[in-house]
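For reference, the structure discussed in these notes is given below.
The values are calculated or read from the model by the stated rules, or taken from the named source; none is laboratory data. Note that this is a predicted model, so its numbers are computed, not measured. Cβ atoms come from the backbone with ideal geometry, glycine included; neighbour counts cover every protein chain shown.
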Amino acid sequence: MHDVMIIGSGPAGLSAAVYAARAQLDVLLLESQPMGGGQILNTYEVDNYLGLPGISGFELSQKFMEHIKKFGIEPVTEEALRVECQGAVKKAVTAKQEYEARTLIYAAGSVHRPLGVPGETEFAGKGVSYCAACDGAFFKDKTVAVVGGGDVALEDALLLARICKKVYLIHRRDAFRGAKLLAHRVKETGNIELVLEAKVEEILGDGVVSGVRVFHKKKGETETLAVDGVFAAVGTLPRTELLSGQVEMDGDGYIIAGESCRTSADGVYAAGDVRAKAFRQVITAACDGANAVMDIERRLLG
């Protein structure tokens, strides 16, 4: 029986682990992947984490992992297949065994949102990618399209512009949702062509991607762009299916929890990208992990 069971080892889960260890709570950290860090592992550059400007996502995740190991915490690399939130004892069942704890911090993060267009599934891994940092090198000196208008899409376009001959940045609106500094850098980069107020209708190819068909909403016209790859960056979906029906969620599947990260289930906390909130960044995820443990410490130690 553990004091705290943490599911997920992104910034929220790792931050929670550090605070729990410092509070001398018995911690179990469950992570389905062999390397912790969450989505920042696939981020080329993190330029807004306080004190570490320009650090790569991989390096930042390794620093986080080093920090928890300083306190003797070793993640258990097993995937939670079922989670039971009700009652005084919280349970997580993996393929190997069942784990129990007095409290649970659910920090499983999110997955990439698909574009939902014809050709996307067919060409996944054959020109369609959701990670520019992972797959960008395969498109050296080629032409690619990035779809999206947030920070990730802007960062992906800038990264790919260093590698590729040309980058089309396709966004359904006439202005970007991402940071103004990133948008300015994109507009100043010569080999990035903006395709605004446009919607991807289909990804084309024969065995591998060869083009993307876009609809220009303002013109009412359809155009085919010749590209070798398509990078989707249109947001994420929370990995909250294990808690479905056990805690209160909003219409998009995010867990409803306040700044203390308490959910509607007693002793269960939501931290990081799974929590319903306006702003999802590395620093806010780490803050969630800390807030959750502070509340748990008051709960368990009085």
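Of all residues in region 65-91 being in contact (Cβ under 8 Å) with a residue 60 or more places away in the chain and in contact with a Leu (Cβ under 6 Å, 6 or more places away or on another chain), which is surrounded by the fewest Cβ atoms within 10 Å (Cβ to Cβ)? Here the answer is Ala80.
Checking each residue in region 188-222 for being closer than 22 Å to Cys131 by Cα, of a type in the set (Ser, Thr, Tyr) and in a strand (DSSP E or B) picks out only Ser210. Scanning region 221-248 for residues that are surrounded by fewer than 17 Cβ atoms within 10 Å (Cβ to Cβ) and more than 30 Å from Ala270 (Cα to Cα) yields a total of 5.
Glu45 - would you say it is acidic (Asp, Glu), assigned by TED's automatic domain parsing to the domain that holds Ser244, under 27 Å from Phe279 (Cα atoms) and without any contact (Cβ under 8 Å) to a residue 40 or more places away in the chain?
So Glu45 fails the test.
Taking the criterion of being closer than 18 Å to Gly272 by Cβ and not in a loop (DSSP other than H, G, I, E, B), the residues of region 223-257 that qualify are Thr236, Leu237, Pro238, Glu241, Leu242, Leu243, Met249, Ile255.
For region 72-125, give me every one of the strands (runs of 3 or more DSSP E) that falls completely inside it and has 1 or more residues that are of a type outside the set (A, V, I, L, M) and at pLDDT 95 or above.
Working: elements: 82-84, 90-93, 98-106, 110-112.
Here the list reads 82-84, 90-93, 98-106.
For region 190-220, the tally of residues that are exposed (fewer than 15 other Cβ atoms within 10 Å of the Cβ) and of a type in the set (S, T, N, Q) stands at 1.
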